[in-house]
Amino acid sequence: MIINNRKLDPLVSIIITTYNRYELAKGAIDSAAKQSYKNIQIIVIEDGSRSQLDKHIASIKDERIKYYSHKINKGLAASRNTGTFKAEGEYICFMDDDDRWLPDKVEKQINIIKKYNNKKCIVYCNTLRIKGDDLIPNEYNLFSGRMKPYIYRGYKLPQSSIMVSKNNLLSIGGNSEKLISCIDHDLWMKFSINDFEMDVVKEGLIYHPSHDKLTMTRTLDDRLLGIQQFFDKWKEIVINEYGKNAWDQIKKVYHIQTCNNIIKDFSNGLLDHDNALNYFKTLYYLQDCKFTKLDTYILSKSLNNFHSAVYYTPITLNIRKIIHRIFKIPV
């Protein structure tokens, strides 16, 4: 039973967005429903797909779970905004369909955010990775305090880890529906420019099961276009306030992560050699980096010798150093 009474524990709305990923969405719903904090509402937004998820939810017979669907595919940002407007809770958490939460995730975050009494604040948490049968905390730098000094220098909060009051989220306009990708980072930037603070649960409370399904932002083409949109929106703002070095740091973060995505797609057989190489070139042109014949040779050799998935580390924009670090190939 939902109890929307601020004198008791405040209601938290968990917004789950999904597109054509029935089994993953079922797992996310089950994970959300098992939270130790009981005064929750689970809002499921299906973004234009028809997966029988509504029938599954009806079979659960849990009145805390509400299902809504878009008639057409509108994208992740629009799905989150639909969930936000439908939410009855004082606080909101976003959950992707491939997220899984430990049972005390909401409880630990609500205990912190209540202390701020609806000030401009978000609370996030650390993430976990799967290693064999164990969940291992990721070794991120975890910060608290004013968001702007960190976010404007390229720090990105773990995705789908935040809790924020609904009023504060609406005050910054929610998620930006014009962006194809980079939606999470855009939200952090909007919080920052509006002088929000952040606090953190240092324990890892969320993780992602392994799968090969497409995300709601789907393709590398979408990813690259979304990065360009994000850059066009924020470049001048960041440079004017924090200088070119701060903007270069943000570019570096995106460069490394996107390189890693290209390599993982290649390793999983989703990209062939030539397409992977073309994506690398597109990424470099997008970010004003010179791509030489030597770079092409190094990347081609690297892809031909690739045998396992990789995890990025904070390194420079220079592609030779990236390839050296990732593939251990002399350059």
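The values are calculated or read from the model by the stated rules, or taken from the named source; none is laboratory data. None of these values were measured; they are calculated from a predicted model. Every residue, glycine as well, gets a Cβ built from its backbone with ideal geometry; the counts of neighbours run over all protein chains shown.
How many residues does region 1-42 hold that are at pLDDT 95 or above, within 15 Å of E88 (Cβ to Cβ) and among the polar types (S, T, N, Q)?
3
Take region 101-125 and flag every residue that is among the charged types (D, E, K, R) and without any contact (Cβ under 8 Å) to a residue 12 or more places away in the chain.
Correct list: K115 only.
For (1) among the aromatic types (F, W, Y); (2) in contact (Cβ under 8 Å) with a residue 60 or more places away in the chain; (3) in contact with a Pro (Cβ under 8 Å, 6 or more places away or on another chain); (4) within 29 Å of K178 (Cα to Cα), each residue gets a yes or a no:
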{"position": "I29", "(1), (2), (3), (4)": "no, no, no, yes"}
{"position": "A33", "(1), (2), (3), (4)": "no, no, no, no"}
{"position": "I45", "(1), (2), (3), (4)": "no, no, no, yes"}
{"position": "H56", "(1), (2), (3), (4)": "no, no, no, no"}
{"position": "I60", "(1), (2), (3), (4)": "no, no, no, no"}
{"position": "K66", "(1), (2), (3), (4)": "no, no, no, yes"}
{"position": "K71", "(1), (2), (3), (4)": "no, no, no, yes"}
{"position": "G75", "(1), (2), (3), (4)": "no, yes, no, yes"}
{"position": "T82", "(1), (2), (3), (4)": "no, no, no, yes"}
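Can you go through N118, N194, N175 and tell me which one is within 19 Å of the chain's Cα centre (by Cα) and in the same structural domain as A25 (by TED's automatic domain parsing)?
Testing whether each residue is within 19 Å of the chain's Cα centre (by Cα) and in the same structural domain as A25 (by TED's automatic domain parsing) leaves just N175.
Can you pull out the residues in region 99-153 that are of a type in the set (S, T, N, Q) and closer than 15 Å to L205 by Cα?
Result: Q109, N111, N126, T127, N138.
Just for region 172-209: of the residues that are without any contact (Cβ under 8 Å) to a residue 40 or more places away in the chain and under 13 Å from T84 (Cβ atoms), which one is surrounded by the fewest Cβ atoms within 10 Å (Cβ to Cβ)?
Among residues in region 172-209 that are without any contact (Cβ under 8 Å) to a residue 40 or more places away in the chain and under 13 Å from T84 (Cβ atoms), the one surrounded by the fewest Cβ atoms within 10 Å (Cβ to Cβ) is G173.
How many residues are of a type outside the set (K, R), part of a loop (DSSP other than H, G, I, E, B) and at pLDDT below 90 when one looks only at region 144-169?
The qualifying residues number 7.
Determine, yes or no, whether S144 is touching a residue at least 40 places away in the same chain (Cβ under 8 Å), within 24 Å of Q249 (Cα to Cα) and out of contact with any Lys or Arg (no Cβ under 8 Å at 6 or more places or on another chain).
Yes: the conditions hold for S144.
Between F231, F266, which is crowded, with 16+ Cβ neighbours inside 10 Å, touching a Phe, Trp or Tyr at 6+ places or on another chain (Cβ under 7 Å) and assigned to a helix (DSSP H, G or I)?
F266
Is it the case that region 88-110 has a residue that's among the hydroxyl-bearing types (S, T, Y) and in contact with a Pro (Cβ under 7 Å, 6 or more places away or on another chain)?
Scanning region 88-110 turns up at least one residue that is among the hydroxyl-bearing types (S, T, Y) and in contact with a Pro (Cβ under 7 Å, 6 or more places away or on another chain).
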